[in-house]
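The values are calculated or read from the model by the stated rules, or taken from the named source; none is laboratory data. If you're wondering where the values come from, they're calculated on a predicted model, not measured in any experiment. We place every Cβ from the backbone using ideal geometry, glycine too, and count neighbours over all the protein chains shown. Heads up: the accessible areas ignore ligands, DNA and RNA and are worked out on the full protein's heavy atoms, side chains in. Shrake-Rupley method; radii C 1.70, N 1.55, O 1.52, S 1.80 Å.
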Amino acid sequence: MSRPYIIGIIGGGQLARMMHQASIALGVRIRLLAEGPDVSAAQVVHEVVVGDYTDPQVLLDFARDCDVITFDHEHVPTQLLEQVEAAGTAVRPGPDALQYAQDKSRMRLRMTELGAPNPEFAICEQPEQLVAFGDEHGWPVIAKISRGGYDGKGVWKVDGPEQADEPFAVLREEGSTVDGGTISREGVVIVAEEFVDFARELAALVTRSPSGQAVAYPISETVQREGICAETTTPAPGLDGSQASELQQLALRIADELGVVGLLAVELMQRRDGSVVVNELAMRPHNTAHWTIDGSNTSQFENHLRAVLDLPLGDPGLRAAHVVMANVLGGDEEDLTGALQHCFARDRKLRVHLYGKDVKPHRKVGHVTTYGEELADVTKRARHAAGYLMGDPNA
Ligand code: ADP
């Protein structure tokens, strides 16, 4: 090749921003299709096109000079991605794999085919089907919109038959929204799931390249609050070594069977008896692997870029015995950098990542990572720093 690789990233959030950071060391050029001129990644990437990724012409023009297209989010319609591939630019992960991250009903059916552990579920087009599912498997039931939900938006806990209509009301409203983003009604259904009274949530993260090389990160324990990832601990405390390796194998097998290229996050729920079920799949760098930037030998962002370029993948091993990541969510304080003096003075092993986003309540605006030999200490330091950055001096 006579010029550096050009990777086109669709979506300008913090994941694209951190992919850009990883691209600098690789000497790779990033071109960004951003939703606005000031979004998180557009502040740092040099080559930015502001445009609508659902407009075929915008997407085709953007992709034309890129060697490969990858994603900050999973919302690009697969039909458009097929057009990009047909026009000669590689799309990684490709539309055949991405459909299972975009559509929870397809994902559940495919996991069943693969023999991966699912909760009890049913695909529902009418409230009566949801009621029948609840009566058979017990209430409450978790109802999820099959497409377009994120960060817990589009997920309902339905306590009994009298609430069964609520998720379908969202489907029926033409042009209705899940938290501001209009979602297409076509082919959208409600997935009813058994309410899993889980002991904790886990994440299995793997990266796979087109030629089939794959690496698995250690399993993380994750804590979600109000549908948003709040904290991860790696390796997951108390997880038996053989079960950890089974979960890594499961994620590697899913990546392989689905032909995923790049990062695959398999979100898992662990029941009180220790068994696990798959919650959902994400095919892009993932919040539950932000710890890898400072806590592993090769970050998820670098391995994702290496994978989409079909370069050999890097060692996913831990750099310390325990690594904790805590998300920084928007609070009252608009200037986050003012807290850095205190946080850094207190903890020399603290790593802070701020995304350049306007601070709004409950919005992900950054994360911190701590690492060390004593889990209780590492956790305390991460919580203190994240809390302090969120405006709580007593955290
Ligand atoms: P999103 O796509 O918005 O992230 P998820 O499907 O991951 O939605 O669900 C959000 C959260 O809801 C999960 O992290 C988990 O805490 C909870 N949840 C999801 N499915 C179930 C279930 N079947 N039983 C109990 N809790 C669930």
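List of remarks:
- Hits in the stretch 273-295 (condition: open to solvent by 10 Å² or more (accessible area, probe 1.4 Å), more than 11 Å from the ligand (Cβ to nearest atom) and outside any helix (DSSP H, G or I)): Asp273, Gly274, Ser275, Val276, Arg284
- Entry remark, the stretch 297-306: residues being in contact with a Pro (Cβ under 8 Å, 6 or more places away or on another chain) and crowded, with 24+ Cβ neighbours inside 10 Å number 3 in total.
- Test for Asp310: is it open to solvent by 30 Å² or more (accessible area, probe 1.4 Å), over 20 Å from the mean Cα position of the chain (by Cα) and under 25 Å from Val76 (Cα atoms): yes
- Screening Asn327 with (1) of a type in the set (S, T, N, Q); (2) open to solvent by less than 60 Å² (accessible area, probe 1.4 Å); (3) over 23 Å from Val44 (Cα atoms) gives one miss only, at (3).
- Test: residue in the stretch 254-272 that is over 26 Å from Leu389 (Cα atoms), within 16 Å of the ligand (Cβ to nearest atom) and free of Cβ contacts under 8 Å to residues at least 12 places away in the same chain: no
- Matching residues, the stretch 298-345, being part of a helix (DSSP H, G or I) and polar (S, T, N, Q): Gln300, Asn303, Thr337, Gln341
- Residue that is most open to solvent (accessible area, probe 1.4 Å) [pool: residues in the stretch 226-243 that are assigned to a loop (DSSP other than H, G, I, E, B) and within 16 Å of the ligand (Cβ to nearest atom)]: Glu226
- Any hit, the stretch 250-268, residues being in contact with a Gly (Cβ under 6 Å, 6 or more places away or on another chain) and among the aliphatic types (A, V, I, L, M): no
- Scanning the stretch 367-391 for residues that are open to solvent by less than 70 Å² (accessible area, probe 1.4 Å) and either hydrophobic (A, V, I, L, M, F, W, C) or assigned to a loop (DSSP other than H, G, I, E, B) (or both) yields Val368, Leu375, Val378, Ala382, Ala385, Ala386, Leu389, Met390, Gly391.
- Among all residues of the stretch 223-238, there is none that is touching a helix residue (DSSP H, G or I) at 6+ places or on another chain (Cβ under 8 Å) and within 21 Å of Arg306 (Cα to Cα).
- Residue ID - farthest from Leu81 (Cα to Cα), chosen from residues in the stretch 24-41 that are touching a residue at least 12 places away in the same chain (Cβ under 8 Å) and part of a loop (DSSP other than H, G, I, E, B): Gly27
- Qualifying residue in the stretch 192-213 (condition: touching a Pro at 6+ places or on another chain (Cβ under 7 Å), of a type in the set (Gly, Ala, Ser), more than 9 Å from the ligand (Cβ to nearest atom) and assigned to a strand (DSSP E or B)): no
- Single match in Thr337, Thr370, Thr379, Thr288 (criterion: over 18 Å from His20 (Cα atoms), without any contact (Cβ under 8 Å) to a residue 24 or more places away in the chain, in contact with a strand residue (DSSP E or B) (Cβ under 9 Å, 6 or more places away or on another chain) and not aliphatic (A, V, I, L, M)): Thr337
- Extreme residue, nearest to Gly262 (Cα to Cα), among residues of the stretch 95-121 that are small (Gly, Ala, Ser) and crowded, with 20+ Cβ neighbours inside 10 Å: Ala97
- Candidate set from the stretch 214-225 (those that are touching a Pro at 6+ places or on another chain (Cβ under 8 Å) and not in a loop (DSSP other than H, G, I, E, B)); member that is least open to solvent (accessible area, probe 1.4 Å): Ser220
- Restricted to helices (runs of 4 or more DSSP H) entirely inside the stretch 92-141, those with at least 1 residues that are more than 23 Å from Ser209 (Cα to Cα) and within 12 Å of the ligand (Cβ to nearest atom) are 104-114, 127-137.
- Residues of the stretch 350-373 that turn out to be touching a helix residue (DSSP H, G or I) at 6+ places or on another chain (Cβ under 9 Å) and either aliphatic (A, V, I, L, M) or farther than 22 Å from Leu15 by Cα (or both), as a count: 7
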